[in-house]
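A.B. asks: Can you keep this structure in mind? I'll have questions shortly.
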Amino acid sequence: QVQLVESGGGLVQPGGSLRLSCTASGSTFSIEIMGWFRQAPGNQREWVASISVGGNTAYVDSVKGRFTISRDNANNTVYLQMNSLKPGDTAVYYCWVYTHDNYWGQGTQVTVSS
């Protein structure tokens, strides 16, 4: 079992930045991939970014060049640096890890509005 605790959401103006953090505990030795999903009201949850144990990263096209995912393996923490935020980025952001099961954080609200 893996437990995830997220932090870092909030309200920001368009063009602003936020940094999300997610720390895993429990059976962290089995974590392969860490990442982030988001869900806006009325929409399905969508994958945003992910990073492997070896540091390989991938992003959904809509955030490429604006978001950066990084990982501290020693502290079992994944980060999502979000720059040049747009109103369309408004959503609940969920931390995700993959072992041989999927684990989810509780979600943190990100609101981009003037």
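A.B. asks: So if each residue of separation counts as 0.36 nm, and I subtract the Cα-Cα distance between S21 and S84, what length gain in nm does that give? Mind showing how you got there, number by number?
C.D. replies: Details: separation 63, 0.36 × 63 = 22.68 nm, distance 1.79 nm.
The S21-S84 span can extend by a further 20.9 nm.
A.B. asks: Moving on to the next point. With only alpha-carbon atoms counted, please give the Rg and Dmax of the chain, in Å.
C.D. replies: When restricted to the Cα atoms of the chain, Rg and Dmax are 13.3, 42 Å.
A.B. asks: Also, I was wondering about something else. Once you keep just the Cα pairs under 8 angstrom separated by 6 or more residues, what percentage relative contact order results for the range 32-114? Walk me through the numbers on the way to the answer.
C.D. replies: Details: 149 pairs, mean separation 24.5, N = 83.
For the range 32-114, the relative contact order is 29 percent.
A.B. asks: How many percent of the accessible area of the chain is carbon or sulfur, using a 1.4 Å probe?
C.D. replies: C and S fraction of accessible area: 48 percent.
A.B. asks: How large is the charge dipole for the chain, taken about the Cα centre, if only the Cβ atoms of Lys, Arg (+1) and Asp, Glu (-1) carry charge, to the nearest 20 debye? Display every interim value, and only then the final one.
C.D. replies: Working: 7 positive and 7 negative charges, 56 e Å.
My answer is approximately 280 debye.
A.B. asks: What net charge is computed for the residues neighbouring L85, neighbours being all others with C-beta under 13 Å from the C-beta of L85, Lys and Arg scored +1, Asp and Glu -1? Before the final figure, lay out the partial values.
C.D. replies: Working: positive: R19, R38, R66, K86; negative: D89.
Its environment carries a net charge of +3.
A.B. asks: Could you give the accessible area per residue of the chain, probe 1.4 Å, as a whole number in Å²?
C.D. replies: On the way: 5780 Å² over 114 residues.
Ligands and nucleic acids excluded, the result is 51 Å² per residue.
The values are calculated or read from the model by the stated rules, or taken from the named source; none is laboratory data. From a predicted model like this one, the values you see are computed outputs, not experimental measurements. When we count neighbours, we look across all protein chains shown, and the Cβ atoms used for this are built from the backbone with ideal geometry, even at glycine. For accessibility, only protein heavy atoms count, side chains too; no ligands or nucleic acids. Shrake-Rupley method; radii C 1.70, N 1.55, O 1.52, S 1.80 Å.
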